[in-house]
Structures are given as C-alpha cells and as structure tokens.
Ligand code: SF4
Ligand code: SF4
C-alpha cells in the first residue's frame, strides 16, 4: 500500500510543480558586489541574513566581456546589480569595460539596478554616463512586500518530490545571474550557493545551457523560496526562515563556505 502511494504521489507532485520555465539566454544580471547599504527583510541576495563585502573583480568583468565577444553571444540586456552596484568601488571602470561589448552589439542595453538610497549612492549615480539606463527602485526602508525567500520549499511537506529543475518565472524574466563564483540560472539562486556552499557556479559561458542549468537548478531551486511563487503564495513583510536556512545562516556566521571562483 505504501509503495503504491509513493508511486502515485511523486508524478502528481511533479505535475503540480507547474510549467518548466525557460532560461533566458539574452539577458544577464551581474552581481558585481554583495555589499548593500540597506539590509532589507527577506532580501533574496541574503544581504541582511549573511552580509558580505565581496565584489566581482575587474578581471572577472573582462573575462565576461571576452567570453561574450568570442562566442558572439547576443545579449539584449546586461544589468549591473548587487547588493547595491553603485557601491562597487570600480563601478565606472566596469561600465567602460562593458562598453567594449555594447560597441560591438549596439542593440544591447546596459542597465544599472539601484536602490537609490542615500547620499553616496546618489552621488555615484550622477557620475554614470548618459548612455547607461538606470532602474531605480527608490527604496526608503528595509520593509517590503517580498517573497518568503528563506522558506525553502524542500522544508515544506507539500513540495517533497517536486521537480525543482522547472525553476520559476524569475529565470525567464530576469535572465542569468553570474557572480564572482560563476554563472547561475538567476541571482537568487546564486545567493543560495553563496550561503549553502554547493559550489555549483558554471565557470565558462560556453558551458551555460539548458542541461547545465537544469542540473544546477535541481539543487538551488529546492532551497529558494521563489520556487513557491508557482503556487501563488502570499508575499510577506516579516522575516521568515525555515530550518534549512536557519542552519545554513548559523553555519555561515561561524565560517563562510569557500567556493571556487569564476
Ligand atoms: S536594497 Fe536590494 S540588495 Fe539591498 S538589502 Fe534591500 S533587497 Fe537586498
Ligand atoms: S533559484 Fe529561485 S529564483 Fe532562481 S529559478 Fe530557482 S526558484 Fe526561481
């Protein structure tokens, strides 16, 4: 009886996981720094929960541009974000490096996604060249209607057996999310890896594809609270953390995981 129940339940849960969200290979969000001047509740980069000042180096940005040019990769949009990207100490140099790519592909938009908060951020924004788009979320507080990012679906009974390779709408809408540890299906997934230390960042652009991303998503999406949005879960303003995340943050505070670099 028990075996029959499992046989029926697993495919049913997989089917209920919904559609497989397509990875977006035309857009990319570079997490150039994990530092942020805000510490929002339920931040899906774990800025509040696991603060860090790590940054992508200029040589990593150059590597990204070189790979993109060599592979003739057609990005429609490259976004610089964080953390708070304007607080990367070399943000202007990064913009100039990416210009080497946009000069060759003028259809590609370079965008900076900023929280727009504080004197320092706004003074840097004034120095950004006019050809760069600015997406300003104009944050004024640390409380927002956010997804319960830190409620891992794998901690919830109803998601046991779910097909985590299906991901969620974010991978389709926002594109890839590289950090100093490599390419990820999305930025929120990269943050899972930074805290848990699975070390599943893809180190070469030529290796990024549906197969490699599905393999990665099978792990990271099982911990990412965004996965639950497939079922219209409510947003929250309060800090919400499930047991696996609580353990991971506790371990992170004692010793940060060591990941191999991009
Ligand atoms: S502004 Fe954005 S990156 Fe910074 S803590 Fe808030 S949600 Fe996270
Ligand atoms: S890691 Fe999270 S945000 Fe990214 S595709 Fe998976 S569920 Fe969505």
Margin query: So if I check each of 94, 98, 112, which one is within 16 Å of ligand 1 (Cβ to nearest atom) and either over 30 Å from residue 247 (Cα atoms) or in a helix (DSSP H, G or I) (or both)?
Written below: 112
Notebook entry, point to check: Of the residues 139, 180, which is within 18 Å of the chain's Cα centre (by Cα), away from ligand 2 (no atom under 16 Å from the Cβ) and touching a residue at least 24 places away in the same chain (Cβ under 8 Å)?
Noted result: 180
Notebook entry, point to check: Which one of these is in a loop (DSSP other than H, G, I, E, B), in contact (Cβ under 8 Å) with a residue 12 or more places away in the chain and touching a strand residue (DSSP E or B) at 6+ places or on another chain (Cβ under 9 Å): 222, 260?
Noted result: 260
Margin query: Taking the conditions exactly as written (away from ligand 1 (no atom under 16 Å from the Cβ), surrounded by fewer than 16 Cβ atoms within 10 Å (Cβ to Cβ) and modelled with pLDDT under 95), does residue 232 satisfy them or not?
Written below: yes
Item checked: Matching option when the condition is closer than 25 Å to residue 123 by Cβ, in contact with a helix residue (DSSP H, G or I) (Cβ under 6 Å, 6 or more places away or on another chain) and without any contact (Cβ under 8 Å) to a residue 40 or more places away in the chain, among 47, 61, 94 -> 61
Margin query: Is it the case, given these coordinates, that residue 128 is in a loop (DSSP other than H, G, I, E, B), touching a strand residue (DSSP E or B) at 6+ places or on another chain (Cβ under 8 Å) and either under 28 Å from residue 262 (Cα atoms) or within 16 Å of ligand 1 (Cβ to nearest atom) (or both)?
Written below: yes
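Just to be sure before I move on: is residue 133 modelled with pLDDT under 95, under 22 Å from the mean Cα position of the chain (by Cα), surrounded by fewer than 15 Cβ atoms within 10 Å (Cβ to Cβ) and more than 26 Å from residue 220 (Cβ to Cβ) in the structure I sent?
no
Identify the residue in the stretch 22-55 that is more than 15 Å from ligand 1 (Cβ to nearest atom) and in a loop (DSSP other than H, G, I, E, B) and, among all such residues, is farthest from residue 88 (Cα to Cα).
Only one residue tops the list, namely 22.
For (1) on the phi < 0 side of the Ramachandran plot; (2) free of Cβ contacts under 8 Å to residues at least 24 places away in the same chain; (3) part of a loop (DSSP other than H, G, I, E, B); (4) surrounded by fewer than 22 Cβ atoms within 10 Å (Cβ to Cβ), each residue gets a yes or a no:
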{"site": "143", "(1), (2), (3), (4)": "yes, no, yes, yes"}
{"site": "149", "(1), (2), (3), (4)": "yes, no, yes, no"}
{"site": "154", "(1), (2), (3), (4)": "yes, no, no, yes"}
{"site": "161", "(1), (2), (3), (4)": "no, no, yes, yes"}
{"site": "165", "(1), (2), (3), (4)": "yes, no, no, yes"}
{"site": "172", "(1), (2), (3), (4)": "yes, no, no, yes"}
{"site": "185", "(1), (2), (3), (4)": "yes, no, yes, no"}
{"site": "190", "(1), (2), (3), (4)": "yes, no, no, no"}
{"site": "193", "(1), (2), (3), (4)": "yes, no, no, no"}
Checklist line | Candidate set: the stretch 136-176, residues that are modelled with pLDDT under 95 and in contact with a strand residue (DSSP E or B) (Cβ under 7 Å, 6 or more places away or on another chain); chosen: the one farthest from ligand 1 (Cβ to nearest atom) | finding: 148
Notebook entry, point to check: Could you say whether any residue in the stretch 82-101 is buried (at least 21 other Cβ atoms within 10 Å of the Cβ), under 15 Å from residue 29 (Cβ atoms) and within 16 Å of ligand 2 (Cβ to nearest atom)?
Noted result: no
Note to self: Could you go through the stretch 193-215 and let me know if any residue there is modelled with pLDDT of 95 or more, within 16 Å of ligand 1 (Cβ to nearest atom) and out of contact with any helix residue (DSSP H, G or I) (no Cβ under 8 Å at 6 or more places or on another chain).
What the structure shows: yes
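The values are calculated or read from the model by the stated rules, or taken from the named source; none is laboratory data. From a predicted model like this one, the values you see are computed outputs, not experimental measurements. Using ideal geometry, Cβ is built from the backbone for each residue, glycine included, and neighbour counts are taken over all protein chains shown.
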